[in-house]
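Here's the structure, in structure tokens; my notes come after.
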Amino acid sequence: MSRPTASTKPDYVLGTHDAEHARLGKQHSLWRELVHDGWKRAGIVAGNRVVDVGSGPGFATMDLAEIVGKNGRVVAVEISSKFVQEVNDQAKARGLNHVSGHILDLMHDEIPTLDGPFDAAWCRWVCMFVPKVSTLVNRIHHSLRDGGVAVFHEYVQYETYGLQPPSEGITSFTQAAMRSFSDRGGETNIAGRVLRELRQHGFEILSVKPIVRSARPAEDLWQWPAGFIRTYTPRLVESGQESEAWGKKVLDELNLAEQDPQSIMLTPTVLEIIARNRRE
Ligand SMILES: C[S@@+](CC[C@H](N)C(=O)[O-])C[C@H]1O[C@@H](n2cnc3c(N)ncnc32)[C@H](O)[C@@H]1O
């Protein structure tokens, strides 16, 4: 039997349905400032050629397109045909001829460099879902020019996710979510492995920055960690990983926390990594 192609493979663990699309959009807008700051420190500028690795529906892709301008190029690569279609539809609707989306499975396919190697690669919340990070880093290594930069946002300590002081149900949600990612072949706290692979592939680590954020119910940012608990808890129950009683306890705790304006929720800790590619 031939191996499944990227377009026929099942979508990633969080799905590609409308709710996940909306979640990724909201998530991107809440992270935009920090992401742009990282890109700036990495030296991504007008005229650059950038690859968005595991782009999802392309929220970061469109921001990168604006930064690099029409003299630059942005290539989005992604396993989900639905997300790639959305990238290409958006690019067309905005008249961005310098943006294109490509379906591929990073575990099996090389990143297409089209008309030359990239100046920069952007990769966020993708390493945690792939079975072999070494393969992903190798793909990026070969797609970048000598001196090109790779910028990653991946989790380094997911366990910070939850209320402070901690509550039993929400803490168990964090653990259950991590278990579900690893059951599907991923690893949540993957940033350390990314660092190791980058060094093994000859990258120079330019900057490492842990990012943990805190939110109160009235703040926009609250919707990111709270929204994921609200949408992912029913999925953990429906999949049979957790019981209905467990799901009720988690959501009851979340609702209760939301009624108290003084509640504090911490986000899972992301590690921003900026690294320079070296080619022999
Ligand atoms: C959490 S989403 C992040 C999307 C985007 N990077 C962002 O920050 O909005 C993870 C993405 O990685 C993609 N992905 C997972 N495994 C992949 C693989 N083997 N090859 C290509 N894309 C993959 C998923 O389809 C999904 O769009």
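The values are calculated or read from the model by the stated rules, or taken from the named source; none is laboratory data. Computed from a predicted structure; not experimentally measured. All Cβ positions, glycine included, derive from the backbone under ideal geometry; neighbour counts span all protein chains shown.
Looking at region 97-131, which of its residues are farther than 25 Å from GLU187 by Cβ, among the aliphatic types (A, V, I, L, M) and surrounded by fewer than 19 Cβ atoms within 10 Å (Cβ to Cβ)?
LEU114
State the number of residues belonging to region 37-63 that are among the hydrophobic types (A, V, I, L, M, F, W, C), within 12 Å of CYS123 (Cα to Cα) and either within 12 Å of the ligand (Cβ to nearest atom) or modelled with pLDDT under 95 (or both).
Summing the residues that are among the hydrophobic types (A, V, I, L, M, F, W, C), within 12 Å of CYS123 (Cα to Cα) and either within 12 Å of the ligand (Cβ to nearest atom) or modelled with pLDDT under 95 (or both) in region 37-63 gives 3.
Considering only region 18-55, how many residues are among the β-branched types (Val, Ile, Thr) and not in a strand (DSSP E or B)?
Within region 18-55, residues that are among the β-branched types (Val, Ile, Thr) and not in a strand (DSSP E or B) number 3.
I'd like to know if region 144-166 contains one or more residues that are touching an Asp or Glu at 6+ places or on another chain (Cβ under 7 Å) and within 23 Å of GLU242 (Cβ to Cβ).
Looking for residues that are touching an Asp or Glu at 6+ places or on another chain (Cβ under 7 Å) and within 23 Å of GLU242 (Cβ to Cβ), one finds none in region 144-166, hence no.
So which of GLU253, GLU258, GLU242 is in contact with a Ser or Thr (Cβ under 7 Å, 6 or more places away or on another chain), farther than 16 Å from LYS26 by Cα and of a type in the set (D, E, K, R)?
On the way: GLU258 fails: in contact with a Ser or Thr (Cβ under 7 Å, 6 or more places away or on another chain); GLU242 fails: in contact with a Ser or Thr (Cβ under 7 Å, 6 or more places away or on another chain).
The conditions single out GLU253.
Where the second residue is in a strand (DSSP E or B) and near the ligand (Cβ under 10 Å from one of its atoms) and the first is in contact (Cβ under 8 Å) with a residue 40 or more places away in the chain and small (Gly, Ala, Ser) and lies in region 105-130, which pairs have Cβ atoms under 7 Å and are six or more apart or on separate chains?
That search, which allows pairs on different chains as well, returns ALA121/VAL53.
Restrict the check to region 81-88 and report whether at least one residue is in contact with a strand residue (DSSP E or B) (Cβ under 7 Å, 6 or more places away or on another chain) and in a loop (DSSP other than H, G, I, E, B). Can you show your working first?
Keep residues of region 81-88 that are in contact with a strand residue (DSSP E or B) (Cβ under 7 Å, 6 or more places away or on another chain), which gives 81, 84, 87-88.
Add one more test, that the residue is in a loop (DSSP other than H, G, I, E, B), and what stays is none.
Checked against the condition, which is being in contact with a strand residue (DSSP E or B) (Cβ under 7 Å, 6 or more places away or on another chain) and in a loop (DSSP other than H, G, I, E, B), region 81-88 yields no hits at all.
Go through region 98-124 and report how many residues are in a loop (DSSP other than H, G, I, E, B) and within 11 Å of the ligand (Cβ to nearest atom).
Total meeting the criteria: 7.
Restrict the check to region 71-80 and report whether at least one residue is within 13 Å of the ligand (Cβ to nearest atom), farther than 22 Å from VAL270 by Cα and surrounded by fewer than 16 Cβ atoms within 10 Å (Cβ to Cβ).
no
Of everything in region 10-21, what is modelled with pLDDT under 80 and more than 8 Å from the ligand (Cβ to nearest atom)? Give them in sequence order.
Once the filter is applied, which keeps residues that are modelled with pLDDT under 80 and more than 8 Å from the ligand (Cβ to nearest atom), region 10-21 yields PRO10, VAL13, GLY15, HIS17, ASP18, ALA19, GLU20.
Could you list, in sequence order, the residues of region 160-186 that are closer than 17 Å to GLY227 by Cα and in a helix (DSSP H, G or I)?
Hits for region 160-186 are THR160, GLY169, ILE170, THR171, SER172, PHE173, THR174, GLN175, ALA176, ALA177, MET178.
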